[in-house]
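Read the figures in this text as sums done on the coordinates, not as results from a lab. The structure displayed is predicted, hence computed values, not measured ones. Don't worry about glycine lacking a Cβ; one is built from the backbone with ideal geometry, like all the others, and counts go over all protein chains shown.
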Amino acid sequence: MSVILTQTDTTVGFLSQDSLKLQEIKSRNSSKPFIKVYSSLKAFKEDKNRVPSSQKSRIRRSKQTTFIIKNRALRIAKSSLNSSILRKYEWNYSTSANESGKNFNREFCESKADIIIEDINSLHEGKASSLYIINSRKMERLR
């Protein structure tokens with residue numbers, strides 16, 4: 001599987017369906033999971049996931065928000081880029097495009113990516129998504 005460097009809905013990110021490749025690029029501890037970004041709530045459900053009924057509406061309407069449900073991080077994010085490469089995937093693992101603990105460095109990112117998708121607005125580091133842990137009874141903001 002390829003590693004894609006692109007502007008996500010929040011910041012510059014690496015996307016891939018191969019979490020081991022992303023782990024290697026980031027020199028990341030294997031116990032730290034990646035966010036799984038889905039193209040739609042339908043794709044999320046087709047991946048045999050469940051959302052607490054009381055939280056479905058919140059997840060469906062959310063923008064730039066990551067949720068942790070049963071120790072799995074997920075986001076629903078439609079790509080704003082008109083890219084046939086991104087449209088063919090129902091989901092990807094996602095991580096910020098930088099070395100662990102460092103800021104965005106274009107040269108580092110381009111050397112690690114197999115595919116680079118960039119629009120007229122270029123690649124820019126933005127604010128990370130909001131992060132909530134949810135279950136059927138409550139929701140807690142982590143960032």
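Given the options 130, 111, 30, state which has the largest fluctuation in a GNM of the chain using a 10 Å cut-off (strictly under) for Cα springs.
Between 130, 111, 30, it is 111 that shows the largest mean-square fluctuation.
So, how do all the Cα-to-Cα distances of the range 89-141 break down into 5 Å bins, in percent, from 0 on up?
Once binned at 5 Å, the Cα pair distances of the range 89-141 give 4, 12, 19, 22, 17, 11, 8, 6, 2.
Quick one: of the DSSP bridges fully inside the chain, what percent are antiparallel, nearest 5?
Here the antiparallel bridges make up roughly 65 percent for the chain.
Cut-off under 18 Å on the C-alpha distance; same-chain residues fewer than 8 positions from residue 45 excluded. Which aspartates and glutamates are left, in chain and number order?
Cross-link targets: 90.
Going toward the positive end of the dipole of the chain, with +1 on Lys and Arg Cβ and -1 on Asp and Glu Cβ, which of 64, 13, 25 do you reach last?
Most positive-ward Cα: 64.
Of 17, 55, 64, which is the most mobile in a GNM of the chain whose springs link Cα atoms less than 10 angstrom apart?
55
Given the pairs 88/138; 21/63; 21/70, which are separated by over 29 angstrom at their Cα positions?
The pairs that break the limit, which is 29 Å between Cα atoms, are 88/138.
Treat each spin label as a single point 7 Å out from the Cα along the C-beta direction, and report the residue 40 to residue 71 distance in nm.
Rounded to a tenth, the inter-label distance reads 3.2 nm.
Straight distance only, please: which aspartates and glutamates reach the Cα of residue 127 with their own Cα at less than 17 Å, same-chain residues fewer than 8 apart left out?
Reachable aspartates and glutamates: 9, 99.
Set the Förster distance to 41 Å, then compute FRET efficiency between residue 121 and residue 50 from the Cβ-Cβ distance, nearest 0.05.
0.70
In the chain, if every C-alpha pair distance is counted and binned at 10 Å from zero, what percent goes to each bin?
Percent of pairs per bin, in order: 11, 43, 35, 11, 0.
Only Lys, Arg, Asp and Glu count, each charged at its Cβ (+1, +1, -1, -1), so figure out the dipole size of the range 4-141 about its Cα centre, rounded to 20 debye.
1080 debye
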